[in-house]
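A short worksheet on the structure shown next.
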Amino acid sequence: MSVSELYPSPSSVVSALRAAGCVFAEDEADLLISAARDHRELAAMVERRVVGLPLEHVLGWAEFCGVRVAVDPRVFVPRRRSEFLVARAIALAPPRPVVVDLCCGSGALGAAVLRAAPGELHAADIEPAAVRCARRNVEPVGGRVHEGDLYDPLPAALAGRVDVLIANAPYVPTGEIGLLPPEARDFEPLVALDGGADGLDIQRRVTAGAGRWLAPGGVLLVETSERQAPRTAAAFADHGLCPQIAVQEESDATVVIGTRLR
Ligand SMILES: C[S@@+](CC[C@H](N)C(=O)[O-])C[C@H]1O[C@@H](n2cnc3c(N)ncnc32)[C@H](O)[C@@H]1O
């Protein structure tokens, strides 16, 4: 069978996607058909989606805060719920803010803050694939991306100058990784998901280090789950950050926000 006979019509793409369990098969088919340059590419994209790759990895982009963000294979797909953290960060940013996006993944969150609140942005991640991807999203809007463990790769000159520090760090408890949808479990790296025994290992390290980097009055915003939020907030309080829990029910988003007192 030739490649063009495999998916001769849009409805044949929809059928293949539906048979593979894609709930939004029509919408996905439209996206794949408009992204593919020819039949061969369309067939390859459908095959990758059918074996379970996240749609965003097949397309090479995700929609986030109204723009298309590049998302490379093995890089965490930014979730729409994280737009809530971005909105809160923008609302709290002073004019010309210094912004740091820790555990930046694709860099979608920091880039969205910088687009709405122009200033200085530094993003960082430990995964080389994420760092390469973040450079594609963050550098065109004027930010910089660093590779390394949490705060280690940040320029020392940022200490005490950060107005807005955001982190969507991994927060899935190790024992619950197996319960994640296969798209996440099989195609996003463990380091992007696994937050340790109670899910809060990385968040605790982020909060413990924040005081050195935040400017007086600067804010730390960490995405978490509603269930984990009281413990995330306790970690903030342990490190001198007065915590507030913000929830957006419709997107199932929970963010803990803490201010470094002057
Ligand atoms: C849940 S993903 C979130 C990515 C991005 N913030 C987003 O919301 O799309 C967590 C990210 O944290 C990174 N990460 C995990 N441990 C890290 C560490 N110790 N230092 C820096 N980055 C880390 C992972 O590589 C991954 O990109």
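Some points to look at:
- Here residue 81 clears all of (1) touching a Phe, Trp or Tyr at 6+ places or on another chain (Cβ under 7 Å); (2) surrounded by fewer than 24 Cβ atoms within 10 Å (Cβ to Cβ); (3) under 15 Å from residue 223 (Cβ atoms) except the condition numbered (1).
- Those residues of segment 128-169 which are small (Gly, Ala, Ser) and either part of a loop (DSSP other than H, G, I, E, B) or more than 17 Å from the chain's Cα centre (by Cα) (or both), in sequence order: 142, 143, 148, 156, 157, 159, 160, 169
- Test set (1) in contact with a strand residue (DSSP E or B) (Cβ under 7 Å, 6 or more places away or on another chain); (2) touching a residue at least 40 places away in the same chain (Cβ under 8 Å); (3) surrounded by 13 or more Cβ atoms within 10 Å (Cβ to Cβ) - residue 217 fails condition number: (3)
- Members of segment 116-150 that are more than 11 Å from the ligand (Cβ to nearest atom), buried (at least 17 other Cβ atoms within 10 Å of the Cβ) and of a type outside the set (Asp, Glu): 117, 119, 121, 122, 135, 138, 143, 145
- The condition of being more than 22 Å from residue 149 (Cα to Cα), of a type outside the set (Phe, Trp, Tyr), in a strand (DSSP E or B) and out of contact with any Phe, Trp or Tyr (no Cβ under 9 Å at 6 or more places or on another chain) does not hold for residue 243.
- Flag if residue 48 is among the basic types (Lys, Arg) and touching a residue at least 60 places away in the same chain (Cβ under 8 Å): no
- For residue 104, the conditions (1) within 13 Å of the ligand (Cβ to nearest atom); (2) surrounded by fewer than 24 Cβ atoms within 10 Å (Cβ to Cβ) are fulfilled apart from (2).
Taken together, the values in this text are just the output of simple stated rules run on the coordinates, not laboratory data. All figures in this text were calculated on a predicted structure; none of them were measured in a lab. Neighbour counts run over all protein chains shown; Cβ positions are idealised from the backbone, glycine included.
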